[in-house]
1. Can you pull out the residues in region 84-112 that are surrounded by 14 or more Cβ atoms within 10 Å (Cβ to Cβ) and free of Cβ contacts under 8 Å to residues at least 40 places away in the same chain?
2. Might you let me know whether region 25-48 holds any residue that is among the β-branched types (Val, Ile, Thr) and not in a helix (DSSP H, G or I)?
3. I need every pair where a residue in region 297-312 that is closer than 17 Å to Lys142 by Cβ and open to solvent by less than 10 Å² (accessible area, probe 1.4 Å) has its Cβ under 8 Å from the Cβ of a residue that is part of a helix (DSSP H, G or I) and of a type in the set (Lys, Arg), sequence separation at least 6 or different chains.
4. Within region 47-64, track down each residue that is touching a residue at least 60 places away in the same chain (Cβ under 8 Å) and among the charged types (D, E, K, R).
5. Quick one: is Glu104 closer than 19 Å to Gln319 by Cα and among the acidic types (Asp, Glu)?
6. Considering every residue within region 109-128, establish whether at least one is under 22 Å from the mean Cα position of the chain (by Cα), assigned to a helix (DSSP H, G or I) and of a type in the set (D, E, K, R).
7. Of the residues Ala27, Ala38, which is aliphatic (A, V, I, L, M), under 29 Å from Ala125 (Cα atoms) and in contact (Cβ under 8 Å) with a residue 12 or more places away in the chain?
8. Being among the β-branched types (Val, Ile, Thr) and surrounded by fewer than 23 Cβ atoms within 10 Å (Cβ to Cβ) is the filter; apply it to region 315-336 and report the residue that is nearest to the chain's Cα centre (by Cα).
Amino acid sequence: MLARDQRTPFSDWWWTVDKLLLAAISALILGGVILSLAASPPVATRIGLDPFHFFSRHMLFLLPSFLVLIGVSFLSPKQIRRLALLVFVLSVILIVATLVFGAEVKGSRRWITLLGVNIQASESAKPAFVVMAAWLFAESTKRPEMPATSMAMVLLLTLVALLVMEPDFGQTILILIVWGALFFIAGMRMIWVAGLAGAAAAGLFSAYLLVPHVAGRIRRFMNPASGDTFQVDMAMEAFWNGGWFGLGPGEGIAKRSLPDSHTDFVFAVAAEEFGIILCLALVGLFAFVVIRTLTRAYATEDMFARFAASGLAILFGMQAAINMAVNLQLIPAKGMTLPFISYGGSSIISLAYGVGMMLALTRQRPRTEVESMNAAGVARYA
């Protein structure tokens, strides 16, 4: 057992980290292992790979992800800001490189191969962007004369422009929602929030008019008879087949036909094999992580930690909500992973980075430490 009077980095971390939040995240990671084992073998077999190919790679990515999660949770808010700036710059460079050198898949360029590893740079850009935007909004509350809000807008437009060029409208909408939420949390006027919402709606309508595959997905959602809805139909059938308690591990039928059963539609596989009860438990875990983080964030007096932790929680929760809503045919189909549950190396490592920052920012630091951080921030501009 660690005594409270021990002054080591690990003991300081252990006595200040939110253990309930860490336990909920660990439960999601464990759930991802079980569901990867359930959902991925039929997909691998169908494309001529070893049945446990995707499961083995999922486990392979978990080790560095866990190290990233725990390592980042040790950082101070100042170190988090610096790391986020570095990660964001590197991610932007990789997105630009993807647009130039990346392979085109289904009309989009989202992946680039480096040293034999496929990287989706937009995944790592998301949590870093949220932290950078939160830092700028926090500075705007300390120094109203500083053009921090304008800088945050430039940051948003830069990332959105790159994502639209890929194109990846799902990630674009997610980024806009989180940025708008941070904008609101920072106390900006409702007229600006309404204006930004209108601009986002206009952008979505423009995408509907100008981008064929976006228009196709929206039309299929509004009128299923207008196009191929095989995946979402199979997902809904999986929910009906599973009922409350599921058909049992390995007994699912939908995963044998769903091309993306291990990624976009793993929630449907969970419903069919383990039942709606497990799905509700997953929803409860995601909700707990978000609410717990928001509660801890608003208990801190450090404005940067408050905004950044809130933004990261909203990013985490919205990504999970979008994936589950697609599985339930509540919104048009969009390829977005279910955090820690779906297969995907870039996604899992980036989620670990984001969640690690959530754990770091919600640690119960002594009041004197928070006051010294705020004083240091004020002294920079004195």
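The values are calculated or read from the model by the stated rules, or taken from the named source; none is laboratory data. Everything numeric here is computed off the predicted structure, so don't read it as measured data. Neighbour counts run over all protein chains shown; Cβ positions are idealised from the backbone, glycine included. Calculation scope for accessible area: heavy atoms of the full protein, side chains included, ligands and nucleic acids excluded. Shrake-Rupley method; radii C 1.70, N 1.55, O 1.52, S 1.80 Å.
1. Within region 84-112, Leu90, Ser91, Leu94, Ala97, Gly102, Trp111, Ile112 meet the criteria.
2. Within region 25-48 (the criterion being among the β-branched types (Val, Ile, Thr) and not in a helix (DSSP H, G or I)), the answer is yes, since at least one residue qualifies.
3. Close Cβ pairs satisfying both conditions: Phe304/Arg81.
4. Arg57
5. On the way: closer than 19 Å to Gln319 by Cα: no; among the acidic types (Asp, Glu): yes.
Judged against the criteria, Glu104 is not a match.
6. Kept after step one, since they are under 22 Å from the mean Cα position of the chain (by Cα), are these residues of region 109-128: 109-113, 117-128.
Now narrow it down to the ones that are assigned to a helix (DSSP H, G or I): 121-128.
Checking which are of a type in the set (D, E, K, R) leaves us with 123, 126.
There is at least one residue in region 109-128 that is under 22 Å from the mean Cα position of the chain (by Cα), assigned to a helix (DSSP H, G or I) and of a type in the set (D, E, K, R).
7. Ala27
8. My answer is Ile322.
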